[in-house]
């Protein structure tokens, strides 16, 4: 059963014993949850395959906005057995003169998107399948199902708990009360405890994933490396 962002927000509010939002605003909890998903993506990116329609002699194609890193490029995508392009820097002197290669061109700002460049000149009607690591659905509407695996939702909720307690500490720092010294000490302890709980849960999940990981086939050449 897929869990929506709304359902996760409700669970976070229950964790905080604040289902009525008397202490923490619903908008803040939603933002912390989105931040948690963004941080989670850096450690557990989802794996997606996108089919790209090719055009005659067009060797440059946009990648999806959630793209992180490539895993494989199947081209053409209807061969049996499957055939894959090999990665080679597009600055290689033979990149454009030899078929069978690809490279990823990353953009450093929001004015353009990441692209895949291929050395082969395709023809209209051909397709290629790009399998890649991608971010989870950070900007989805609250009623949309999250792409984070259900067994890792506790990690997201611990992140929200950490940020909620950090906000209490920040409020006390901004407007000290009569017993501020005692409160600040307790808030600092609570924030650190929540931070460590989040980091520990993330570390345990990463360790479990590393123990069950499958070594991937490496189609890279020319000294390039994959990040997984």
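Out of 36, 27, 17, I need the residue that is in a helix (DSSP H, G or I) and without any contact (Cβ under 8 Å) to a residue 40 or more places away in the chain. Which one?
Only one candidate passes the filter, namely 27.
Starting from residues that are under 20 Å from residue 148 (Cα atoms) and surrounded by 16 or more Cβ atoms within 10 Å (Cβ to Cβ), keep the ones in segment 16-38 and report whichever is farthest from the chain's Cα centre (by Cα).
Across segment 16-38, the extreme among qualifying residues is 29.
Can you give me the number of residues within segment 39-61 that are out of contact with any helix residue (DSSP H, G or I) (no Cβ under 8 Å at 6 or more places or on another chain) and not in a strand (DSSP E or B)?
Total satisfying the criteria: 9.
What about residue 183, is it surrounded by 20 or more Cβ atoms within 10 Å (Cβ to Cβ), in a helix (DSSP H, G or I) and in contact with a helix residue (DSSP H, G or I) (Cβ under 6 Å, 6 or more places away or on another chain)?
It is false that residue 183 is surrounded by 20 or more Cβ atoms within 10 Å (Cβ to Cβ), in a helix (DSSP H, G or I) and in contact with a helix residue (DSSP H, G or I) (Cβ under 6 Å, 6 or more places away or on another chain).
Name the single residue that is nearest to the chain's Cα centre (by Cα) among those in segment 40-65 being closer than 14 Å to residue 202 by Cα and surrounded by 14 or more Cβ atoms within 10 Å (Cβ to Cβ).
Applying the filter and picking the extreme gives 41.
List the number of the failed condition for residue 197; all other conditions in (1) surrounded by fewer than 17 Cβ atoms within 10 Å (Cβ to Cβ); (2) part of a loop (DSSP other than H, G, I, E, B); (3) modelled with pLDDT of 95 or more hold.
Checking residue 197 against (1) surrounded by fewer than 17 Cβ atoms within 10 Å (Cβ to Cβ); (2) part of a loop (DSSP other than H, G, I, E, B); (3) modelled with pLDDT of 95 or more, the one that fails is (2).
Taking into account only those residues within segment 69-85 that are surrounded by fewer than 16 Cβ atoms within 10 Å (Cβ to Cβ) and in contact (Cβ under 8 Å) with a residue 12 or more places away in the chain, which is nearest to residue 116 (Cα to Cα)?
Of everything passing the filter in segment 69-85, 69 is nearest to residue 116 (Cα to Cα).
Is it the case that some residue within segment 147-167 is assigned to a loop (DSSP other than H, G, I, E, B), surrounded by 16 or more Cβ atoms within 10 Å (Cβ to Cβ) and modelled with pLDDT under 95?
Yes: segment 147-167 contains one or more residues that are assigned to a loop (DSSP other than H, G, I, E, B), surrounded by 16 or more Cβ atoms within 10 Å (Cβ to Cβ) and modelled with pLDDT under 95.
If we keep just the residues of segment 87-114 that are within 20 Å of residue 53 (Cα to Cα) and crowded, with 16+ Cβ neighbours inside 10 Å, which is nearest to the chain's Cα centre (by Cα)?
Looking at residues that are within 20 Å of residue 53 (Cα to Cα) and crowded, with 16+ Cβ neighbours inside 10 Å, I get 114.
The values are calculated or read from the model by the stated rules, or taken from the named source; none is laboratory data. Quick caveat: nothing in here was measured; it's all calculated off a predicted structure. Because the Cβ atoms are built from the backbone with ideal geometry, glycine has one as well, and the counts that use them run over all protein chains shown.
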